[in-house]
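Okay, structure first, notes after.
The values are calculated or read from the model by the stated rules, or taken from the named source; none is laboratory data. Since this is a predicted model, take the numbers as computed values, not measurements. Cβ atoms come from the backbone with ideal geometry, glycine included; neighbour counts cover every protein chain shown. Just the protein is used for accessible areas: all its heavy atoms, side chains included, with ligands, DNA and RNA removed. Shrake-Rupley method; radii C 1.70, N 1.55, O 1.52, S 1.80 Å.
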Amino acid sequence: MKWITPTFASFEKNHPMKTVFLYFSTLLVLLFAVGCKENSERAKQKNSKSSNQIKYASGFELYKYDGFSVLKIKNPWPNAAKEYTYILKEKNGTVPDSLRENPVIAIPLQTIVVTSTTHIPSLEMLGVENTMIGFPTTDYISSEKVRHRIDAGKIRDVGTEQSMNTELLIDLQPSAIIAHGINNSNTTFDNLQKSGLNIIYNGDWNEATPLGKAEWIKFFGALYGLDEKADSVFAAIESDYKKTMSLAHLVKTKPTVFAGAVFENQWYMPQGNSWGALFLEDANANYLWKETTGTGSLSLSFESVFIKAEKADFWIGPGQFTSLKEMSDANPHYTHFKAFQEKNVYSYSTKKGKTGGLIYYELAPNRPDLVLKDLIKILHPEMLPDYKLYFFEKLQ
């Protein structure tokens, strides 16, 4: 017997219906394979590595993908032991399995609890302040809009940052709590997270540069799906800041400046790389301690400050004092400084909210353009003849 190998042609001749079925099945397999490949390529394109959307802030990064964003908090407090990554998932968005080891938070947030007054202006500028339902120690809030909501019982006082009311927060069920940590020990927030609440760390206060602090509005923009609005708000602040700085540097003279005051026998002064010192540099001032390094505060003796700053032109930010008499009553030696004698002492401590909170502490980090204009009006008044001081005031 001879073995005969059937050809496809003979199979087609003898089994016409099966041939049609075979063609159809083969076509489906091919189409399915092509479709899978196209979907795979499309997914790769959608979720390929995005570029960081942040320009000035060093404490966070933001990566946009189709259907979700990746928010990385790199430096929530000085010498932080770890970074935090959050996946912000849009409605109907799909998060890759490789990212699901991180907290996945649905956006836009519906309700929020923030823990620093510096968070509030961003909510207002984005028009989402009505989503705020809780805050620790509400007396420190200066915003008029938010105070109205507090008075109406729409924002609850959730205790202090060190001892937040866990039962109340669980009852409120905010979409997220924006945590404000100061070191690697954050037991309160750890416990709240174990209770099932979404904790997102924010390190705006740890930024050293004026525009770096202000750029944290993009952090909140991402949480609400308002990235374009946040970008627009920040772009306007950035543009105004740069124009104002350019104006200041047209002036040839640099007035000498010092800052701070004595507290518990030590004179605290901004270090040379700090937020406050950089404002003075951008305002074209000669800050007498600009050569020091660091982004925090110097701790100096009264004598060392007097030797260096006795003849300085301006004294800006003398602690919490609100008048020259307060200063002289607290320390008669203050009267020996030239800036005091010529009444060139300016403070932000005179402008307060309804319940005593300082407007500068709440709003200044978010509006560096206004701070810079204030400083230029003080140091180079001829450059902004029609401008009125927003945060600062000349002490009388």
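Things to note:
- 11 Å beta-carbon shell around ALA285, net charge (K/R +1, D/E -1): -1
- Among LYS373, LYS351, LYS145: highest mean-square fluctuation, GNM of the chain, C-alpha pairs under 10 Å: LYS145
- Summing +1 for each Lys or Arg and -1 for each Asp or Glu among the other residues whose beta-carbon sits under 9 angstrom from that of ILE359 gives +1.
- Percent RCO, i.e. relative contact order, over the range 174-287, from Cα pairs under 8 Å lying at least 6 residues apart: 21
- Expressed as a whole percent, the accessible surface of the chain that belongs to carbon and sulfur atoms is 54, based on a 1.4 Å probe.
- Formal net charge of residues neighbouring THR350 (Cβ-Cβ distance under 11 Å; K, R +1; D, E -1): +1
- Simple point charges give the picture: +1 on the Cβ of Lys and Arg, -1 on the Cβ of Asp and Glu, and for the chain a dipole about the Cα centre of about 1220 debye.
- Considering only LYS252, LYS290, LYS354, the mean-square fluctuation computed in a Gaussian network model of the chain, springs between alpha carbons under 10 angstrom, is largest for LYS252.
- For the range 261-396, the dipole from Cβ point charges (+1 on Lys and Arg, -1 on Asp and Glu) about the Cα centre works out to 320 debye, to the nearest 20.
- Folded to 0 to 90 degrees: helix 16-46 orientation relative to the chain principal axis, Cα: 10
- Rounded to the nearest 20, the Cβ-based charge dipole of the range 63-205 about its Cα centre (Lys and Arg +1, Asp and Glu -1) stands at 260 debye.
- Loop-located GluC sites (Glu not before Pro) in the range 86-127 (DSSP state other than H, G, I, E, B) with a sparse environment of at most 16 neighbouring Cβ atoms within 10 Å: GLU90, GLU101.
- Nearest-ten-degree value, helix 368-379 long axis tilted from longest Cα axis of the chain: 20
- Low-density loop positions, GluC sites (Glu not before Pro), the range 323-396 - DSSP coil, at most 16 other Cβ in 10 Å: GLU342
- Our coupling estimate for the range 294-303, obtained by passing each phi through the Karplus curve with A = 6.51, B = -1.76, C = 1.60 and θ = phi - 60°, is x, 10, x, 10, 8, 10, 10, 7, 4, 4 Hz, Gly and Pro reported as x.
- Relative to the longest principal axis of the Cα atoms of the chain, the long axis of helix 227-248 lies at roughly 40 degrees.
- Solvent-accessible heavy-atom area per residue, rounded to whole Å², over the chain at 1.4 Å: 52
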